[in-house]
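Enquirer: There's a structure below that I have some questions on.
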Amino acid sequence: AASSYATFSQEEPDHQLNGYPQLPFTFHQNLPPTGWNDNLTRRNFGDTLHEQDEVLSMWGPDAPPIDPNSALRQFLVAVAGFIAAGFTIKAITPDPPSIRRKYPYDGFVKEFGGLEENKARIFPVYLSCIPHL
């Protein structure tokens, strides 16, 4: 009987509750709006509070209307659609009919009184598809 403090009864699944009733995990937003003593929080006076009442109450976060996996899948489809639309628009947009302006002498650095350290950046060849300003 020396270790009787460490033994738990099999009736209680969560030992941290210490006899507190196991109430169903239902959001108050899903309950009918009328027929309660307190219609604002959808509770009757004297009801036992759920252990996670902050999450399940009317003032807690909204209950998810759809399955989170389905929401993630729909979000990824929408992102893929935007990316595909962007690439499609970029592919069908014609090149400008003019030649981009190029300045001699490294962009007139000396002529405008600039410093050699402030020269325009020269992009590598693999970034040459990005338009220079």
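The values are calculated or read from the model by the stated rules, or taken from the named source; none is laboratory data. Just so it is clear, the model here is predicted, and its values are computed rather than measured. Positions of Cβ are generated from backbone atoms using ideal geometry, with glycine treated the same way; all protein chains shown enter the neighbour counts. In case anyone asks, the SASA skips ligands and DNA or RNA and just uses the protein heavy atoms, side chains included. Shrake-Rupley method; radii C 1.70, N 1.55, O 1.52, S 1.80 Å.
Enquirer: For every other residue with a beta carbon closer than 10 angstrom to the beta carbon of Gly60, add +1 if it is Lys or Arg and -1 if Asp or Glu, then tell me the sum.
Expert: After counting each charged neighbour, the total is -3.
Enquirer: When the solvent-accessible surface of protein heavy atoms is calculated with a 1.4 angstrom probe, in what order do Ser57, Ser98 fall, highest first?
Expert: Ser98, Ser57
Enquirer: Given the Cα-Cα distance of Leu23 and Leu115 and 0.36 nm per residue of separation, how much length would full extension add, in nm?
Expert: That pair, Leu23 and Leu115, stretches by 25.7 nm at full extension.
Enquirer: Express in nm, to one decimal, how much length is gained between Thr34 and Gln74 on full extension, taking 0.36 nm for each residue of separation and deducting their alpha carbon distance.
Expert: Length gained between Thr34 and Gln74: 11.0 nm.
Enquirer: Once you place label points 7 Å from the Cα toward the Cβ at Asn44 and Ser98, how far apart are they in nm?
Expert: According to this spin-label approximation, the distance is 7.9 nm.
Enquirer: Follow-up. If you project the alpha carbons of the range 27-106 onto the principal axes, what extent comes out on each, in Å, largest first?
Expert: The principal-axis extents, from largest down, are 84, 30, 22 Å.
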